[in-house]
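**Student:** The structure is given below, and queries will be raised subsequently.
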Amino acid sequence: MGPAEPRVWRAGWLARVAAAGTCLSFVTFVERPAGGTLADPQPGTLFFAVWTSLVAGWLCCRVGLWRLAADRDGVHIRRMWTVTFLPWSKIGRVELRRDGLLEFSGTTGFLLAGLFVPSWADRLMGRRRAGDRAAQLLTEMARSPDTRPQARAGRATTGSAFALRALPLAGALLAAAEWVNH
């Protein structure tokens with residue numbers, strides 16, 4: 001019999017520190033082209049400034065806020081615009097790729113999720129290989145209904161899409177880069 005509560009994997013403290021460091025690096029080192037500031041806006045370069053801030057906001061959220069929740073019906077994967085639901089019947093196996101992403105493969109092709117420390121980095125650091133264990137456990141859950149959690153995951157467990165945090169973060173990064181560099 002599987003666990004009573006849904007299983008959740010999420011970004012740890014190291015990923016959150018890396019995301020904060022990325023934000024700080026972006027604000028500190030971003031170089032706006034002439035006309036790419038709010039003080040002297042020109043459409044093309046201002047678009048570039050806004051776009052790079054959006055990408056930086058997305059990247060920081062992708063690294064620092066990822067989450068997977070497995071419940072009795074399937075896996076909920078936090079994405080940019082939605083929380084994607086992948087039913088157990090669509091999952092054939094889950095593998096940890098060399099880049100640290102989990103690859104869900106099955107009847108609908110494949111889907112990438114999570115952002116674990118890659119196996120090769122875990123071996124170098126002598127760590128516990130959380131990504132490999134998560135992939136193995138998710139594959140077992142997909143193949144054997146008895147190993148799946150008994151409860152359904154609620155909104156508090158699955159979380160919300162990255163966009164709710166990435167878009168305000170992008171605005172803050174744009175404003176902070178403007179303030180620091182001018």
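The values are calculated or read from the model by the stated rules, or taken from the named source; none is laboratory data. Everything numeric here is computed off the predicted structure, so don't read it as measured data. Here Cβ is always computed from backbone atoms with ideal geometry, including for glycine, and neighbour counts include all displayed protein chains. Protein only, heavy atoms only, side chains kept; ligands, DNA and RNA dropped before computing areas. Shrake-Rupley method; radii C 1.70, N 1.55, O 1.52, S 1.80 Å.
**Student:** According to the square roots a ≥ b ≥ c of the eigenvalues of the Cα gyration tensor, what is the shape class of the range 71-182, taking rounded for a/c under 1.5, prolate for a/b larger than b/c otherwise, and oblate for the remainder?
**Tutor:** oblate
**Student:** Order the following by accessible area, largest value first: M80, M141. Probe radius 1.4 Å; ligands, DNA and RNA are ignored.
**Tutor:** So, going from the largest accessible area down, we get M80, M141.
**Student:** Below 8 Å between Cα atoms, with a sequence gap of 6+, how large is the relative contact order for the chain in percent?
**Tutor:** Values: 327 pairs, mean separation 57.6, N = 182.
Relative contact order of the chain: 32 percent.
**Student:** Give me the one-decimal nm value for the distance between modelled label points at D73 and T28, 7 Å along each residue's Cα-to-Cβ direction.
**Tutor:** 4.5
**Student:** With a 10 Å cut-off between alpha carbons and a GNM built on the chain, which of E140, E95, E31 moves the most?
**Tutor:** Taking springs between Cα atoms under 10 Å, the residue moving most is E31.
**Student:** Let me ask something else about it. Can you find, among L164, A142, S119, the residue sitting farthest towards the positive end of the charge dipole of the range 71-182, where Lys and Arg contribute +1 and Asp and Glu -1 at Cβ?
**Tutor:** Of the listed residues, the answer is A142.
**Student:** Separation between the R97 and A156 pseudo-spin-labels, each 7 Å from Cα along Cα→Cβ, expressed in nm?
**Tutor:** Between R97 and A156, the simple spin-label model gives 3.4 nm.
**Student:** Counting heavy atoms of the protein chains only and a 1.4 Å probe, report the per residue accessible area for the range 67-182 as a whole number of Å².
**Tutor:** On a per-residue basis, the range 67-182 sits at 53 Å².
**Student:** So which trypsin sites (Lys or Arg not before Pro) in the range 45-119 end up in coil per DSSP with only 10 or fewer other C-beta atoms within 10 Å?
**Tutor:** Within the range 45-119, the qualifying trypsin sites (Lys or Arg not before Pro) (loop, at most 10 other Cβ atoms within 10 Å) are R98.
**Student:** With a 1.4 Å probe and every protein chain left in place, tell me how much accessible area I77 has, in Å² to the nearest 10.
**Tutor:** Roughly 0 Å² of I77 is accessible to a 1.4 Å probe.
**Student:** V17 to S105: extension gain in nm, 0.36 nm per residue of separation minus the Cα-Cα distance?
**Tutor:** Values: separation 88, 0.36 × 88 = 31.68 nm, distance 3.04 nm.
Between V17 and S105, full extension yields 28.6 nm more.
**Student:** Here's a follow-up. Let's see if you can work this out: charge +1 on each Lys and Arg Cβ, -1 on each Asp and Glu Cβ, no other charges. What is the dipole magnitude of the chain about its Cα centre, in debye to the nearest 20?
**Tutor:** Numbers: 23 positive and 13 negative charges, 124 e Å.
Around 600 debye, computed over the chain.
**Student:** On a 0 to 90° scale, report how tilted helix 43-64 is relative to the longest principal axis of the chain, with both axes built from alpha carbons and the result rounded to the nearest 10.
**Tutor:** Long axis of 43-64 versus the principal axis of the chain: about 30 degrees.
**Student:** For T82 and E140 in the same chain, what is the full-extension length gain: residue separation times 0.36 nm, less their Cα-Cα distance, in nm?
**Tutor:** So the chain would gain 18.3 nm between T82 and E140.
**Student:** Ignoring everything but the protein chains, give the 1.4 Å probe accessible area of V94 in square angstrom, nearest 10.
**Tutor:** About 10 Å², ignoring ligands and nucleic acids.
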